Amino acid sequence: MAAISHLYVHIPFCHHICPYCGFYKHQPGRLANRAFVDALLDELRLAARDTDLALETIFFGGGTPTLLSPSHLERLLTGLAGLTDLSGVREWTLEANPATFDLAKASLLRDLGVTRISLGVQSWQTDTLATLGRDHSPEQAEAAYHVLREAGFASVGIDLIFSVPGQTAAGWAADLDKAIALGADHVSAYNLTYEEDTEFLTRHERGELNSDEDRDASLFYLAIDTLEGAGYRHYEISNYARPGHESLHNQAYWSGADYLGIGPGAVSTVEGRRWKSLPDTAAWIARIQAGQPAHTELEHLTDEDRRLERLALQFRTAEGIPAAIVAGGDLRSDPVSSLIEQGLIEIAPPGDRLRLTRRGKALADSVTAALA
Amino acid sequence: MSTALTRNFSIIAHIDHGKTTLSDRLLEATQTITDRQRQDQLLDSMDLERERGITIKSHPVTMSYKARDGKTYQLNLLDTPGHVDFSYEVSRSLAACEGALLLIDAAQGVEAQTMANVHLAHQQNLTVIPVINKIDLPAADIPAVKKQLEDIIAIPGEEAIPASAKMGIGISDILEAIVERIPPPAEPIDDRLRALVFDSVFDTYRGVVSYVRVISGEIRRGTAIEMFSTGKRYEVKETGVFTPKQTPRDRLVTGDVGYLIANMKSSSEVKIGDTITDAQRPCSEALPGFKEIQPMVFAGIYPVSSDDFEQLKVAMGKLQINDAAFTFQAESSAALGFGFRCGFLGLLHMEIVQERLRREFDMDVISTYPGVIYHVKKTDGEQIEVDNPSYLPEPQVIEEIQEPIVRVFIMVPNENIGDMMQLVADKRGELENTETLDTTRVLLTAILPLNEILVDFNDKLKSVTRGYGSMDYEHAGYRPAKLVKMEMMISGEPVDAFSTIVHRDKAESRGRELAAKLKEVIPQQMFVVAIQAAIGGKIIARESISAMRKNVTAKCYGGDITRKRKLLEKQKEGKKRMKAIGKVNIPQEAFIQVLKTSN
């Protein structure tokens, strides 16, 4: 039986739909959240029949996991503990949005085993938050951060977005400084992208919103310089951490480990098979309630698929990739040698790995394509 | 049969002046063909000819006409190609005749092509019978056309026959004039066989069919013939005449126009203008005027998909079997891969070849910028011909470069003379003569480099004159010019597909134009890409494509992996269609796009 060390749980509910977000999510509506929670546990129960759950990391993402009521959260987290032994869990992350929890809810999560919070701040500037359609204020975000600290989480991270229309370099610098000043253990700094099926993409195509590669690049470098200068390690394209606070769960994805995902829209990859749980909450619940797996988009991954995925993901990390997976490991042949010559990649210790340089990071997709 | 009752003639006319309609009327009036047969037989020509209203191949026909003098004459009509690209073929068809009907539209008057055709007819000493056609049109102005005839062509106006081929007016007068005015074939100097080849077609089942005019002697099945230019011998399998379809006859004699089939497998074995004689009793000299057909315009033709190279080679080979004027030779280009350097008689011929490759062989092809053949005199005295810019010697060993020039006849409305003269000057032309045609039009005669009229001269003429201008040209030899090879370089690497031989004074603007176009289509790279136009290492125009600054996906987590991999697979696949110019990877489509827009 396949051993699973990493579990992702998708909570697709949002009070308010942000116009840039491409994840599967919807407003809670009149769906019975209790039925949803039970379906999550049932889906895990179904999966546990064919897998050996020995969890080391858990990640609750969304949507907005903190939208669940304390009682539903309790039912879900204790249910989870009842299904499998969680004593080996080294990191349990939950994504939280400001203004969706209080100290009681935070403490409850902390008591039920969550170790790490990723707080969706996005920006500390009122106008940028407005452009992004966020329904919290900078003050609420700051209050939420302090609540998380008060609740005693071992690790609190802050998510920020740059290259938002109207955002200035000064605004972005202030966002970074604020996260540093608050003492965040981890910062995710995401370049805004125009995702399929979002209002932002439509407006981008109409020319109302513009992207600017030069601005993207300078804000990207600003984040690297500011955060590295404050002692954070730039351990993946969009992620920075104080030593020991890197996300173990995300690192598992990037290294090509197997993972199980539950909840509508969640993806699983287990022993060369990949599938998605139905990205339709009602249909997903119905299927689970009928005792059937709610899978879709099943694929079988070949060795070449795995190789390309490693190149696409692991190459984005500070450790880079084993040289052996590109160009047969011959570092003197093209395209490796010319990318080295152009200062886009470098040989990493102990000499058999390749990683992106500072400039290479900004061009990671092109560099990867050149090596594929 | 005496040659006294034979008349050989052709019809020369500007496009749309009614040549086809008149031919039909003559065939009907002589009962050579009925209405019912017309569609199937007379118009047995390529789709391309019909669509463009041009004639590429000869369509000879023999008619039997009982004249007013009571005698029955054999009239051979040699329909000729109507485009300057085929002017050598036209000249050979005309050489097979003693006279020509000069057809002029009563409403349009003399046009540029009329002039070029009259020149050719005069060069062959043909008797020209002017026919003013379309006199039924409300806009017809017979006196004006007669005056143009006198003023411009120096033919007495009273010789013109008013006619309307469409309405059947003047047809019998034309037939009578053919009999009365055109002389019969000349008495031969001896009875040895001399037959002029004026065209040939390839028939899948019978091989090459040669179209001939017998000047002297006779030819029949079984005759052992010799081709004068090659010395090759064949046995005649069949002789016949055009009624208009090929109809076998026992023999062809002095004055006859007909065809012969020997054992020839490819059009290249029979050369247009060659003399056929009897191998047993050969004539001592060839008929005058024979030339090896030389391609005038050259371009690279490449398969859009490099996998199609072999197929394209086969297609070109098949095409050449019935088009001996088309030449091709394998070459390779860093930008376009493997393809062929092709030679054509002119731009129309090039278009026809490309179109036939597409239609008849289903090939997707792209051609490079067309060029001409240059005569290069090197400092060591060696003379070479260059049809591909890549083979132009280094400037320091060139003493002189000569380029082909043409004499262009341009008819323009009076009000456009100024613009037209400017256009001629822009194209490095010199005005030879200006003649007033009538109250509204002038005829300009100018010498221009062939290279300058290859691409857009006719389009520009049409736009300057809002469609009222017309042009034609004849070859006028070679003359020295300040020509240089201009290379386009991407990151310092020359891109062969864009190398051109240009006039020094035009190099800069052409270089700037090409550099700007390349800048548009070459995708941003991870480094700065310089695009330069250079002459002998000296940069004359430049553009640069700034380096890509940021291209990285923001989020890569569990749900993004498949999408990310698929994107990478797509990019990997796309790389196969990239051409590497040094370190710059450029999609082949980018080059194709530039070639399309600059041709």
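None of the figures in this text is laboratory data; all of them are computed from the coordinates on show. Worth saying up front: this structure is predicted, and the values here are computed from it rather than measured. All Cβ positions, even for glycine, are placed from backbone atoms using ideal geometry, and neighbour counts span all protein chains on display.
Below are the figures for this structure:
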item: J(HN,Hα) series, the range A:93-109, from Karplus relation 6.51 cos²θ - 1.76 cosθ + 1.60, nearest Hz, glycine and proline x; result: 9, 9, 7, 10, 10, x, 6, 10, 8, 10, 4, 4, 5, 5, 5, 4, 4
item: Neighbourhood charge, 13 Å Cβ-Cβ cut-off, centred on B:ILE417 and excluding it, Lys, Arg +1 and Asp, Glu -1; result: -2
item: Loop-resident sites, the range B:281-366, for trypsin sites (Lys or Arg not before Pro), counting at most 15 other Cβ within 10 Å (DSSP); result: B:LYS291
item: Part-to-part distance (alpha-carbon centres) for the range B:197-220 and the range B:225-269, which is given in Å; result: 3 Å
item: Cα lying deepest toward the dipole's positive end in chain B, options B:PHE242, B:ILE321, B:LEU196, charges on Cβ; result: B:ILE321
item: Share, in percent, of DSSP beta bridges within the protein assembly as shown that are antiparallel, nearest 5; result: 70 percent
item: Along principal axes, Cα extents of the range A:227-291, largest first, whole Å; result: 53, 25, 17
item: In nm, spacing of pseudo-spin labels at B:LYS377 and B:ARG192 (7 Å Cα→C-beta vector); result: 3.9 nm
item: Reciprocal mean inverse distance between Cα atoms of the range B:279-402 - Kirkwood radius, Å; result: 16.4 Å
item: Cα-centre dipole for the range A:320-371 with unit charges at Cβ (Lys and Arg positive, Asp and Glu negative), debye to 20; result: 220 debye
item: Spatial extent of the range A:281-351: Rg and Dmax, with the Cα atoms as the point set, Å; result: 19.8, 59
item: Peptide A:359-371 - average C-beta neighbours from other chains (10 Å radius); result: 6
item: Cross-link table B:LYS313/B:LYS576; B:LYS519/B:LYS576; A:LYS105/A:LYS178; B:LYS19/B:LYS134; B:LYS485/B:LYS583; B:LYS482/B:LYS519, entries beyond 18 Å C-alpha to C-alpha; result: B:LYS313/B:LYS576; B:LYS519/B:LYS576; A:LYS105/A:LYS178; B:LYS485/B:LYS583; B:LYS482/B:LYS519
item: Charge dipole magnitude, Cβ of K and R +1, D and E -1 - chain B, Cα centre, debye nearest 20; result: 2580 debye
item: At q = 0.15 Å⁻¹, base-10 log of I(q)/I(0) for the range B:200-328 (Debye sum, equal scatterers on each alpha carbon); result: -0.75
item: Residue-by-residue Karplus 3J(HN,Hα) for the range B:551-564, coefficients 6.51, -1.76, 1.60, Hz, glycine and proline x; result: 7, 8, 5, 6, 10, 9, 10, x, x, 9, 5, 4, 4, 5
item: In sequence order, calculated HN-Hα J values of the range B:260-270 (Karplus, 6.51, -1.76, 1.60; Hz; x Gly/Pro); result: 9, 10, 10, 8, 9, 9, 9, 4, 5, 6, 10
item: FRET efficiency for B:ASP426 and A:GLN27, using Cβ-Cβ distance with R0 set to 51 Å, rounded to 0.05; result: 0.15
item: Distance between the range A:161-214 and the range B:103-179 - C-alpha centres, whole angstrom; result: 78 Å
item: Share of alpha-carbon pairs per 5 Å distance bin for the range B:329-398, given as whole %; result: 3, 13, 20, 21, 17, 12, 7, 4, 2, 1
item: Two-site FRET efficiency, B:GLU351 against B:GLU159, from Cβ-Cβ distance with R₀ of 45 Å, rounded to 0.05; result: 0.75
item: Rg in Å to one decimal, and Dmax rounded to a whole Å, for the range A:320-371 via C-alpha atoms; result: 9.6, 25
item: The range A:17-143: projected area of the alpha-carbon convex hull, averaged over directions, in nm²; result: 8.5 nm²
item: At R0 = 56 Å, FRET efficiency that the Cβ-Cβ distance of A:GLU228 and B:PHE338 yields, to 0.05; result: 0.65
item: Debye, to nearest 20: dipole size of the range A:2-254, +1 on Lys, Arg Cβ, -1 on Asp, Glu Cβ; result: 720 debye
item: Coordinate range along principal axes, alpha carbons of the range B:473-599, Å, largest first; result: 73, 30, 19
item: Calculated log₁₀ intensity ratio I(q)/I(0) where the Debye formula runs over C-alpha points of the range B:86-207, q = 0.19, 0.20 Å⁻¹; result: -1.07, -1.14
item: In degrees, nearest ten, helix B:347-361 long axis to first principal axis of chain B (Cα); result: 80 degrees
item: Separation of the B:GLN31 and B:TYR205 label points, Cα + 7 Å toward Cβ, nm; result: 3.0 nm
item: Prolate/oblate/rounded label for the range A:2-254 (Cα gyration tensor, a/c 1.5); result: prolate
item: Partner chain coverage, peptide A:302-314 - average Cβ within 10 angstrom; result: 4
item: Rule-of-thumb Rg ratio for chain B [Cα; 2.2 N^0.38 Å; N residues]; result: 1.11
item: Inter-label distance for A:ALA130 and B:ILE539, nm, one decimal - labels placed 7 Å from Cα along Cα-to-Cβ; result: 4.8 nm
item: Taking the convex hull of Cα positions in the protein assembly as shown, its mean projected area over all directions (nm²); result: 53.2 nm²
item: P(r) of the range A:11-83 over all Cα-Cα pairs, binned every 5 Å from zero, in whole percent; result: 3, 14, 23, 24, 17, 12, 5, 1
item: Neighbouring partner chain Cβ atoms per residue of B:538-548, average, 10 Å criterion; result: 1
